[in-house]
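Remarks on the structure that follows.
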Amino acid sequence: MAENTFERVKKIIVEHLDVDPAEVTLEASVKDDLGADSLDVVDLIMQFEDEFGLEISDEEAEKISTVGDIVSYIEQKQQ
Amino acid sequence: MLAGKVAVVTGGSRGIGRAIAVTLAQAGADVAIFYAGNRQAAEETVGQIQAAGRKALALQVDVSNSEQVDAAFKEVLAAFDRIDILVNNAGITRDNLLMRMKEEDWDQVINTNLKGVFLCTKAVTRPMMKQRKGRIINISSVVGVAGNPGQANYVAAKAGVIGLTKTTAKELASRGITVNAIAPGFIETDMTAVLPEDLKRQMLDQIPLGRFGSVEDVAEAVKFLASDAAGYITGQTIHVDGGMVTA
Ligand SMILES: NC(=O)c1ccc[n+]([C@@H]2O[C@H](COP(=O)([O-])OP(=O)(O)OC[C@H]3O[C@@H](n4cnc5c(N)ncnc54)[C@H](OP(=O)(O)O)[C@@H]3O)[C@@H](O)[C@H]2O)c1
């Protein structure tokens, strides 16, 4: 399950930010390491919402920094 | 020209907004209109959109109320599935000299004419970003550029709309969304019908083309900005004013 969520998140990030899959680790910062600007983050959040069928509020979105944050947030919401 | 597109026109029940809604429909778009309270007028606009062979939806929405705005855009998306064009046209006047202007006149005009544009724009950015394409057209006014005694609240709001247009254009450009403003001059509608005759004559003297504008003059400019032909124009304010203000 954990890997599954990570793989799905990774796929979206790789496609959207056009980065090397190897760079998308749980520790990677979406902005600093993967080069997303603030609009990219909004865009990614929308795609995660669609992919996982959930809603991520603006306050929650602001707390997200690393890929791991996204994965644990999504898993927590899905329980 | 706009076949298969979906447009939302705020303040589409009367005046300039109605002409915009009907013109976009004649160009092939399905159109949802927002109106403040004039249901009969809204239904007339709906009839004209349908007469053009397009789908229509009229929603009573106060554009200055975020909950109503969000709910309305959800309804439009549920009905039409997408939003390609947003025309922020809803507007009111509460004219008075600054010295006599009441705080509530200031607030009402700023809330409807400026905050309303912000709220509606915010509501469409999500669907437009997903589509990687969109057109936002804000109806400002030449007085927002030139100033006008007796309209401090209205002028501040309309100048604000121009600044908002420039900023939104820069924020959304990378997602294929263009944002432009139109600054109409003196257009013959209910809003201007109430002005005294001598003032109208005085205004006419200041219009090089020698006539007041029609609602169609504005609607044609909106149609162009909404089309693919205007794809390289963003952050601009186009005057439709008979040459009144040239700055
Ligand atoms: N006429 C001119 O010479 C002129 C010049 C420059 C700029 N403009 C601008 O052009 C736009 C249209 O003007 P107009 O002359 O066509 O005005 P109008 O004939 O007075 O029509 C105003 C429209 O806005 C709607 N509206 C008002 N408050 C609203 C609110 N809070 N929420 C949603 N809708 C609301 C009205 O709905 P209801 O029918 O339900 O009341 C109506 O459809 C305005 O932004 C105006 O400032 C006009």
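Each value in this text was obtained by applying a stated rule to the coordinates, not by laboratory testing. Keep in mind that this is a model prediction, so the values were computed, not measured. Cβ: placed from backbone, ideal geometry, glycine included. Neighbour counts: every protein chain shown.
Percent of Cα pairs in chain B per distance bin of 10 Å, from zero to the largest separation: 8, 33, 39, 17, 3, 0. Here is the list for chain A: GluC sites (Glu not before Pro) lying in DSSP coil, each with at most 13 other C-beta atoms within 10 angstrom of its C-beta, are A:E27, A:E55.
Rounded to 0.05, the FRET efficiency of the A:E27 and A:E51 pair, given R0 = 35 Å and the Cβ-Cβ distance, is 0.95.
Restricting the calculation to Cα atoms, the protein assembly as shown yields a radius of gyration followed by a Dmax of 22.2, 76 Å. With bins 10 Å wide beginning at 0, the percent of Cα pairs of the stretch B:78-176 falling in each bin runs 16, 43, 26, 13, 3.
Taking one quarter of the surface of the convex hull spanned by the alpha-carbon atoms of chain A gives a direction-averaged projected area of 4.6 nm². Rounded to the nearest 20 debye, the dipole magnitude of chain A is 240 debye, with +1 charges on Lys and Arg beta carbons, -1 on Asp and Glu beta carbons, and the Cα centre as origin. Here's the picture: charge each Lys and Arg Cβ at +1 and each Asp and Glu Cβ at -1 in the protein assembly as shown, and of A:G35, B:N65, B:A230 the one pushed furthest to the positive end of that dipole is B:A230.
Assuming charge only on the beta carbon of Lys and Arg (+1) and of Asp and Glu (-1), the dipole of the stretch B:84-164 about its Cα centre is about 540 debye to the nearest 20. Given the options B:S174, B:N96, B:M191, identify the residue whose Cα lies farthest towards the positive end of the charge dipole of chain B (+1 on Cβ of Lys, Arg; -1 on Cβ of Asp, Glu). Among B:S174, B:N96, B:M191, the one farthest towards the positive end of the dipole of chain B is B:S174.
The relative contact order of chain B comes to 19 percent, based on Cα pairs under 8 Å that sit 6 or more residues apart. Note: relative contact order over chain A, using C-alpha pairs below 8 Å and six or more positions apart, is 38 percent.
Ranking B:P127, B:W106, B:V117 by Cα position along the charge dipole of the stretch B:96-135, where only Lys, Arg, Asp and Glu carry charges on their C-beta atoms, puts B:P127 farthest toward the positive end. Provide the net charge surrounding B:G150, with neighbours chosen by a C-beta distance below 11 Å and charges set as Lys +1, Arg +1, Asp -1, Glu -1. Result for the local shell: +1. Residues with beta-carbon under 13 Å from that of B:D217, excluding B:D217: net charge, scoring Lys, Arg +1 and Asp, Glu -1? After counting each charged neighbour, the total is -2.
Model label sites at A:E59 and A:H16, defined 7 Å from Cα along the beta-carbon direction, differ in position by 2.2 nm.
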